[in-house]
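A quick write-up on the structure given underneath.
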Amino acid sequence: MRAKRIGFLLIDGFALMSATSAMEPLRAANMLGGSDRYTLRFLSARGGWQISSVGGAFETEPLAEAAPGFDILFVVAGGDPLTFDDPQVLGWLRRQARAGVPLGGISGGAVILAKAGVLQSRRFTVHWEHLDDLRRAYPAALIERRLFVIDRDRYTCAGGMAALDMMHALITRDHGAALARRVSDWFIHTGIRGAEAPQSSMLAEHYGLRHRALSAAVELMDSHIADPLALEDLAQLSGIGTRQLERLAQEQLGQSVMSFYRQLRLDKADALLQRSNLPLSEVAQTTGFASYGHFSRLFSAHTGQSPKARRAQLHRASKGRAERGDTGRTGTQELGGARTAGRPNGGAESPPDGGPNGSPKDGADGGPDADPRGTDPRS
């Protein structure tokens, strides 16, 4: 197995704790896994020693000499990243995005990615200190108050110990829950938090999960909303068989694995309708439904309204609050947690309000979705 090539672009004054909380788990995965699973490269705008928030430094390669082909490139920043304005770095990040390199932001690094314009139509998070200022600067940005967000080829976390939690999710995805747990135990970080934990209770606590493997599976689902995993992948990465995973889901969630996964994605779509202006077809794609028509039917059954009707209702409610001078948010407008309570059926399908009709990754409308036990991840 080829080692994944991970780059860390260090911005002057980068947060040292955030950086090492991301780097050290990868080193430990190599050591505990018995082979090199990850290779790490450190970069900066012009190379040389890059000084951290506490004065310690990393020797870095200049961007102009960086070899291509990173599997993930993380930007790590501290201080006030909203004042960052280095055309060389921002232009280089845009070129990496155009080349298809997966990009990540740690602590204030997501702010740098936003300034480079490479987070459009991507959900992301940032350290709480920068959240309000970033929302004012980029009102259309899909910012979430979470520990970490993995949206397709974008990986962002709030910094600090949240970087270790995000790396736990990445190692689980790449090499399974067993190695990820060994890495976390190595750092005496046994209370691994899901993406929804406060920056909210952990997913396991939120859903009352009592089995480690089921908790790992739900964390994987939550980290793969836009690029859903198949049942077989969820089971393998969680360290158990598909039958046992299904049995645990029925016992502790009251439904099949893929039915619960679908509800997570539909709840995320509902939240996006409430706090973004993404075209409906992009909402579908961002939550793992590449076929809009299929998404619309599932959403209507889940909420009792079509996506178009739901958005219209929310806009009317928002306008009413504005006229009353009430700018407060309802609880569901924050993207904190998925709602899995039963919903009324019904609601007519409406056409999308623009945008492409999704990618061909989805199956045909219908298919395994007619059966909630289906294993198709796009169901």
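What to note about this one:
- Conditions (1) more than 22 Å from Y138 (Cβ to Cβ); (2) surrounded by 17 or more Cβ atoms within 10 Å (Cβ to Cβ); (3) in contact with a Ser or Thr (Cβ under 7 Å, 6 or more places away or on another chain): number failed by S21: (3)
- Scanning segment 89-111 for residues that are assigned to a helix (DSSP H, G or I) and either surrounded by fewer than 24 Cβ atoms within 10 Å (Cβ to Cβ) or not β-branched (V, I, T) (or both) turns up V89, L90, G91, W92, L93, R94, R95, Q96, A97, R98, G109, A110.
- Within segment 280-314, considering residues that are in a helix (DSSP H, G or I) and β-branched (V, I, T), the one farthest from F124 (Cα to Cα): T303
- Flag if L266 is in contact with a Leu (Cβ under 7 Å, 6 or more places away or on another chain), of a type in the set (A, V, I, L, M, F, W, C) and crowded, with 18+ Cβ neighbours inside 10 Å: yes
- In segment 125-160, the residues that are assigned to a loop (DSSP other than H, G, I, E, B) and either over 15 Å from the mean Cα position of the chain (by Cα) or crowded, with 22+ Cβ neighbours inside 10 Å (or both): T125, V126, H127, Y138, P139, A140, E144, R146, L147, A158, G159, G160
- Residues considered: A309, A317. Of these, the only one that is outside the structural domain of D222 (by TED's automatic domain parsing), at pLDDT below 90 and over 19 Å from R135 (Cβ atoms) is A317.
- Residue, farthest from L142 (Cα to Cα), within segment 280-296, restricted to residues that are out of contact with any Asp or Glu (no Cβ under 6 Å at 6 or more places or on another chain) and not hydroxyl-bearing (S, T, Y): F295
- Only one of the listed residues (M221, M202, M258) is modelled with pLDDT of 85 or more, closer than 21 Å to A162 by Cα and among the hydrophobic types (A, V, I, L, M, F, W, C). That residue is M221.
- Out of L231, L266, one residue alone is in contact with a Ser or Thr (Cβ under 8 Å, 6 or more places away or on another chain) and outside the structural domain of H175 (by TED's automatic domain parsing). It is L266.
- Residue list for segment 65-88, restricted to those being buried (at least 21 other Cβ atoms within 10 Å of the Cβ) and not in a loop (DSSP other than H, G, I, E, B): L73, F74, V75, V76, A77, P81
- Restricting attention to segment 1-53, the residues that are among the small types (G, A, S) and part of a strand (DSSP E or B) total 4.
The values are calculated or read from the model by the stated rules, or taken from the named source; none is laboratory data. This is a predicted model, so every value here is computed, not measured. Neighbour counts are summed over all protein chains in view; Cβ atoms, including those assigned to glycine, are modelled from backbone coordinates with ideal geometry.
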